[in-house]
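Peer 1: Mind having a look at this structure? Questions to follow.
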Amino acid sequence: MTLLFMSFWIFEMAALFYLYSSLHWSLIIVLTVINIPLSFAFNIFFFGVIIHLYGKSFKEADWHNLKAQKAVVTYMKTIVFLLRYKLYFSGLENIPQDRAFIIVGNHQTNYDTIIHKMKLPLKTIFIAKYAIFSWPVIGPIGTAAGNIPMFRENDREAIKALKKGIQAYQEGVNVGIYPEGTRSRGNHLLEFKAGAFNLAMKPKAPILLVTVHNTIKTWKGWPFKRPHVSIHYHPIIEPSFYEGMSTHELSDYAKSEISKQLETFKSRVK
């Protein structure tokens, strides 16, 4: 999709240069500079419509649909390319490849999930707030990816979402959740909701903690300045580690580990 997008854009630019050939060189430069962002905006809209319609073809989430997962990852790679991210991954060796697990991480922006999909196994879904599923493009794509909507304001509905997540895990799918419950919009942590850890503790699942730093800077200076984003995957937490712990104790431990890594990332930024 990224190649298709670039081919489309290059074709447009070539056609415009042909049309401009009879104009004065100074006017050509001005029109070209104006056209570059307009052309990108048009292509983003065009491909957004295609992806929206593709996502709409899925009436409900199917976390076993690998074809849909591949399509979603391809689209997300295009988004990462357009946003000009410079991604620094560490701890990739900690990601299990032979068993399902639960992902628990901090949540700065809606781009966090997109970045995780770059490296996590294909059969990986996330529990996300219900409102996102009504958004154009993002909503249908979330359904196509098999993600699970959660009503955060309704405890009963939130429990239903966790139960679906547990079911997906038991069927061999990796499931991610953000225990802050909302975006922090910064390189700091909000309070963790201990109930989120039932997603792992009920089925006694291994937990992969992940720390994301700087997605909050996604649009700062774009497209001239590349946002540098760091992602660290912590050593897996086995069920034997948290046996006998309460959800609050496990929540506090996870928050402490992610907080330490955030501070490490901050210390590296000049």
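Peer 1: Only one of (1) of a type in the set (V, I, T); (2) in contact with a Gly (Cβ under 9 Å, 6 or more places away or on another chain); (3) within 25 Å of P203 (Cβ to Cβ) is not met by I95, so which one is it?
Peer 2: If we test I95 against (1) of a type in the set (V, I, T); (2) in contact with a Gly (Cβ under 9 Å, 6 or more places away or on another chain); (3) within 25 Å of P203 (Cβ to Cβ), just (2) comes out false.
Peer 1: Sticking with this one: Out of all the residues in region 121-132, which are under 21 Å from G181 (Cα atoms), free of Cβ contacts under 8 Å to residues at least 60 places away in the same chain and not polar (S, T, N, Q)? Spell out how you get there, then give the answer.
Peer 2: Kept after step one, since they are under 21 Å from G181 (Cα atoms), are these residues of region 121-132: 124-132.
Retained after the next criterion (residues that are free of Cβ contacts under 8 Å to residues at least 60 places away in the same chain): 124, 126, 128-132.
Listed by number, the residues that qualify are F126, A128, K129, Y130, A131, I132.
Peer 1: Follow-up. Does region 87-105 hold any residues that are out of contact with any Leu (no Cβ under 6 Å at 6 or more places or on another chain) and either without any contact (Cβ under 8 Å) to a residue 60 or more places away in the chain or more than 14 Å from P239 (Cβ to Cβ) (or both), and which are they?
Peer 2: To start, the set of residues in region 87-105 that are out of contact with any Leu (no Cβ under 6 Å at 6 or more places or on another chain) comprises 87-100, 105.
Those that are out of contact with any Leu (no Cβ under 6 Å at 6 or more places or on another chain) and either without any contact (Cβ under 8 Å) to a residue 60 or more places away in the chain or more than 14 Å from P239 (Cβ to Cβ) (or both): L87, Y88, F89, S90, G91, L92, E93, N94, I95, Q97, D98, G105.
Here's the yes/no breakdown for (1) touching a strand residue (DSSP E or B) at 6+ places or on another chain (Cβ under 7 Å); (2) assigned to a helix (DSSP H, G or I):
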{"position": "V73", "(1), (2)": "no, yes"}
{"position": "T78", "(1), (2)": "no, yes"}
{"position": "Y88", "(1), (2)": "yes, no"}
{"position": "E93", "(1), (2)": "no, yes"}
{"position": "R99", "(1), (2)": "no, no"}
{"position": "H107", "(1), (2)": "no, no"}
{"position": "K119", "(1), (2)": "yes, no"}
{"position": "L122", "(1), (2)": "no, no"}
{"position": "A128", "(1), (2)": "yes, no"}
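Yes/no matrix, rows are residues, columns are (1) in contact with a Cys (Cβ under 7 Å, 6 or more places away or on another chain); (2) closer than 18 Å to S184 by Cβ; (3) of a type in the set (S, T, Y):
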| position | (1), (2), (3) |
| --- | --- |
| K202 | no, no, no |
| T215 | no, yes, yes |
| W222 | no, no, no |
| S230 | no, yes, yes |
| A254 | no, yes, no |
| K260 | no, yes, no |
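Peer 1: Now a separate question. Tell me yes or no: at least one residue of region 139-162 is of a type in the set (V, I, T), surrounded by fewer than 20 Cβ atoms within 10 Å (Cβ to Cβ), within 13 Å of the chain's Cα centre (by Cα) and in the same structural domain as R183 (by TED's automatic domain parsing). Quick ask: steps written out before the conclusion?
Peer 2: Step one: filter region 139-162 for residues of a type in the set (V, I, T), giving 141, 143, 148, 159.
If we keep only those that are surrounded by fewer than 20 Cβ atoms within 10 Å (Cβ to Cβ) as well, we get 159.
Checking the rest, the ones that are also within 13 Å of the chain's Cα centre (by Cα) come to none.
No; the residues of region 139-162 include none that is of a type in the set (V, I, T), surrounded by fewer than 20 Cβ atoms within 10 Å (Cβ to Cβ), within 13 Å of the chain's Cα centre (by Cα) and in the same structural domain as R183 (by TED's automatic domain parsing).
The values are calculated or read from the model by the stated rules, or taken from the named source; none is laboratory data. Quick caveat, the model's predicted, so the values are computed rather than measured. Glycine also receives a Cβ, built like all others from the backbone with ideal geometry; neighbour counts cover every protein chain displayed.
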